1. Checking the structure you have, find out if any residue of segment 107-122 is among the aliphatic types (A, V, I, L, M) and in contact with an Asp or Glu (Cβ under 9 Å, 6 or more places away or on another chain).
2. Might you let me know whether segment 131-148 holds any residue that is among the hydrophobic types (A, V, I, L, M, F, W, C), under 14 Å from the mean Cα position of the chain (by Cα) and closer than 30 Å to Cys210 by Cα?
3. On the given criteria, is Gly203 of a type in the set (Gly, Ala, Ser) and within 21 Å of Thr159 (Cβ to Cβ)?
4. Just to be sure before I move on: is Ile106 more than 30 Å from Thr191 (Cα to Cα) and in contact with a Phe, Trp or Tyr (Cβ under 8 Å, 6 or more places away or on another chain) in the structure I sent?
5. With Asp180, Asp152 as the choices, which residue is among the acidic types (Asp, Glu), farther than 30 Å from Ile106 by Cα and out of contact with any His (no Cβ under 6 Å at 6 or more places or on another chain)?
6. Got at least one residue in segment 168-179 being touching a Leu at 6+ places or on another chain (Cβ under 7 Å) and at pLDDT below 95?
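The values are calculated or read from the model by the stated rules, or taken from the named source; none is laboratory data. Quantities reported herein were computed from a predicted structural model and do not represent experimental measurements. Note that each Cβ is placed from the backbone with ideal geometry, even for glycine, and that neighbours are counted across all protein chains shown.
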Amino acid sequence: STMFPTSVKNTSVLISLSFFALHTYIYPSSSLSYNKKAVVINELGGPECLKLVHNHPTPQLRPGHAIIQNQYAGLNFIDTYFRKGLYKAALPFVPGQEGGGTILAISSDDTNNDSTFQVGDVVVYGTLGAYAQYTLVPVTQLVKVPQNVSLDIAVSCYTQGLTAHYLTTSVHCGMLQTNDWCLIYSVGSGTCQWAAQMAKIQGYKVIGTCSQSKAAAVKEVGA
């Protein structure tokens, strides 16, 4: 199961996709005929490579996938890696590694045979293509949002929050114990501010490195 942390300060950045004039209805068809708005990268480089396209083709449903009508997209440092070409994606592509919204259509193959997800479910996901009205997402990448968690909070927890969670709970293979010192490099970054707080919850004594300009924020999260 996925935990959405509620006892840590949220340091993630989101953009609302309301400027895309999102439709509010559920479209149950497996083939969406209308086009979508999306941010598209046709060439690698700086922020000027991000182009808003008004007639980008709507994704077509494939086995093992769902089409998500996005409401929020997360802004993460990994997005700059794709934009610059440090992480590879075939051009042209829609950036954005984290998003959330409503399931508009979902395949009926055996990937979803336990009916975990249904049209109309509110979900978050972590896969390339979130800077758009609609994103085709593997069902295995979907996480259903609990009713007591708002969608903006759930989206902001996904990439940075879950990364910090596994780094502070499992990746160290039990080598860290309660009251051990935990050194976090670049603790002023978004993910590492999450990690500092989660490490404190685990009972570690946290110290970190950061620039002087971020020292106050780092102290606020307990490092």
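1. Narrowing segment 107-122 to residues among the aliphatic types (A, V, I, L, M): 119, 122.
Right, trim to in contact with an Asp or Glu (Cβ under 9 Å, 6 or more places away or on another chain) and you get none.
Looking through segment 107-122, none of the residues is among the aliphatic types (A, V, I, L, M) and in contact with an Asp or Glu (Cβ under 9 Å, 6 or more places away or on another chain).
2. Scanning segment 131-148 turns up no residue that is among the hydrophobic types (A, V, I, L, M, F, W, C), under 14 Å from the mean Cα position of the chain (by Cα) and closer than 30 Å to Cys210 by Cα.
3. Values: of a type in the set (Gly, Ala, Ser): yes; within 21 Å of Thr159 (Cβ to Cβ): no.
No; evaluated as a whole, the condition is false for this residue.
4. Details: more than 30 Å from Thr191 (Cα to Cα): yes; in contact with a Phe, Trp or Tyr (Cβ under 8 Å, 6 or more places away or on another chain): yes.
Spelling it out, Ile106 is indeed more than 30 Å from Thr191 (Cα to Cα) and in contact with a Phe, Trp or Tyr (Cβ under 8 Å, 6 or more places away or on another chain).
5. Working: Asp152 fails: farther than 30 Å from Ile106 by Cα.
After applying the criteria, what remains is Asp180.
6. Of segment 168-179, the ones touching a Leu at 6+ places or on another chain (Cβ under 7 Å) are none.
There is no residue in segment 168-179 that is touching a Leu at 6+ places or on another chain (Cβ under 7 Å) and at pLDDT below 95.
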